[in-house]
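Since the structure comes first, as structure tokens, the remarks are kept for the end.
The values are calculated or read from the model by the stated rules, or taken from the named source; none is laboratory data. This one's a predicted model, so the numbers in the text were calculated from it and none came from an experiment. Neighbour counts run over all protein chains shown; Cβ positions are idealised from the backbone, glycine included. Note: areas computed on protein heavy atoms with side chains; ligands, DNA, RNA excluded. Shrake-Rupley method; radii C 1.70, N 1.55, O 1.52, S 1.80 Å.
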Amino acid sequence: MNKDGLIYLVWSDLVGMARTRGVPIADFDRRLESGLGWANAGQAMTPFEHLADNPWGPVDEVRQIPDPETRFTIPGNDMNPVLHAVICDSRAAPGKNWNACVRQFCREAVAELKSETGLDLIAAFELEFLIESEDFHPEAPFSFRAAAVNHNFLTGLEHMLTSAGFTPETVEPEYGRGQYEISCQPRTALKAADAALVSCEIAREAARRFGLRASFTPKPTPNHVGNGCHIHLSLADKQGHNVSSDRSGPLGLGKTAAQFCAGVLKHMEAVLAFTAPSPISYHRLGPHHWSTGYRCIGLQNREAALRVMPGISHDPEKAARGFNIEMRAADCTASPYLALGVLTRAGLEGIRGEFELPSPAKIDPASMTAEERAEAGITALPVSLDAALKALKADEVARTWFTDDLYNTFLSIKSWEADYARSTAPDQTFARYRHAY
Ligand code: GLU
Ligand code: MG
């Protein structure tokens, strides 16, 4: 491996951003052990140039310690040198976990799921984003034309993702004007979150190299189509077999998967504070846009917060392999680690409590009468970040999923963001998030 140049130590924070510091590659081995320092209070950074109130103040540092398995490179070209990077865990000291590390939060949640059920959580993120530039003219939704005019960018993107070890499942134009999507391949949870974090960064970098800008903001303007980050989930046994389905179970779900979904539905509002965690997230969520406005589950129902996706094959065994549950009430202002961690925690509550799956939404829940929804236990999702945070605070079980520092700092950042949006002109808020994400 070339020893010239920089390698970026990258870590994800509470607002889902990839933060970084660079070190000479020649020094990397030394950094593997001791990492790099970073003020604890850095974890209280909002998406903007502002530090929210936090328990640490100016004192103390965490170590950003590289996980060598996550080292990756983004190929260079005539204009751009190769980018070397590695994902870090934020640790209190080498070998000592930090109570506000998002990657550790995810790791512990899936480890607990595994120790209690023997099952691994498998996940795949679908990342929607907007492409723009001064002379960029969007083409028709999903059209070959929309792919062809951006073929340079799309093939460059695929090449960069594959070279970095994150070969996508698909890359394509989406429904919105200038909207595109990367579907990541399914991986075990922590790796899936790593893939989501890096895939967004690679899309931003690929866009820049082709004179474009990529934004993963949940809603570019009030009238744009929303950018979702759908999270596909399944459960795998020790042999790696998908055990999420059972043809005799409700919606084809196996017993444990049904309980997992019931747990997520029960704690959906607290979960939402982490999966749809910005004021802009609530401009995306809502009925009639396939962006989901209701807390419900449905078979192949794109208006349900949880969509059950049966595998597609005449062969039942092959179909079972592709069976998964899609969490649609998520976007890329979320940390992928926090999102998967809270989904796992909520699902685990359902498994522990042997929760029953509520009645599914067989049609668009917005087209059901209020009585029909009430009977099925279907409720509207919170309509603002404030409402989601209030619901989070009211969920005493969800409170047990977090350390004090992580919980309080997250709430502090998110309350600041909600205040910011309340006191800022909507156009400016949309623009700020569009630029930040
Ligand atoms: N753009 C939609 C969203 O905000 C999703 C469209 C789709 O089903 O892929 O979630
Ligand atoms: Mg999509």
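The stretch between PHE48 and SER163 holds 38.3 nm of extra length on full extension. This uses 0.36 nm per residue minus the Cα-Cα distance. If you build a Gaussian network model of the chain, linking Cα atoms that sit under 10 Å apart, which residue out of LYS255, LYS238, LYS393 swings the most? In this elastic network of the chain, the residue with the biggest mean-square fluctuation among LYS255, LYS238, LYS393 is LYS238. The convex hull built on the alpha-carbon positions of region 84-224 has an orientation-averaged projected area of 10.7 nm². Partner aspartates and glutamates whose Cα lies under 17 Å from the Cα of LYS114, excluding those fewer than 8 positions away in the same chain, are identified as ASP237, GLU349, GLU354. Over the chain, accessible surface divided per residue gives 43 Å², non-protein components excluded, 1.4 Å probe. Model label points for LEU6 and LEU32, set 7 angstrom from Cα along the Cα-to-Cβ axis, are 2.3 nm apart. A crude spin-label estimate for the pair GLU375 and THR221, with each label 7 Å from Cα along the Cβ direction, gives 4.3 nm. Is the C-alpha gyration tensor of region 8-160 telling us rounded, prolate or oblate? Criteria: a/c under 1.5 is rounded; beyond that, a/b larger than b/c is prolate, otherwise oblate. In terms of gyration-tensor shape, prolate. Per-residue extension of 0.36 nm, minus the Cα-Cα distance of ARG21 and GLU61, leaves a gain of 13.0 nm for this segment.
According to the Cα-based calculation, Rg over Rh for the chain is 0.95, with Rh computed by the Kirkwood formula. Fully extending the segment from VAL82 to ARG399 would add 109.8 nm, taking 0.36 nm per residue of separation and subtracting the current Cα-Cα distance. Per-residue ellipticity at 222 nm from helix content only, as computed over the chain with -39500 (n - 2.57) for each DSSP H run of at least four residues, stands at -11000 deg cm²/dmol.
A Cα-only calculation for region 358-437 places Rg and Dmax at 17.0, 43 Å. The phi torsions of region 202-214, fed into the Karplus equation with coefficients 6.51, -1.76 and 1.60 and a -60° offset, translate into couplings of 5, 4, 5, 6, 4, 4, 4, 5, 9, x, 10, 10, 10 Hz, rounded to whole numbers, with Gly and Pro shown as x.
Please quote Rg/Rh for region 268-366 to two decimal places, taking the Kirkwood radius as Rh and restricting both calculations to Cα atoms. Reported Rg/Rh, Kirkwood definition of Rh: 0.99.
Kindly provide the Kirkwood hydrodynamic radius of region 282-338 in Å, to one decimal, from all pairs of distinct alpha carbon atoms.
Result for region 282-338, one decimal place: 12.5 Å.
Separation of region 269-339 from region 17-89 is 30 Å, based on Cα centroids.
Measuring r between the beta carbons of VAL383 and TYR175 and using R0 = 25 Å, the FRET efficiency lands at 0.65.
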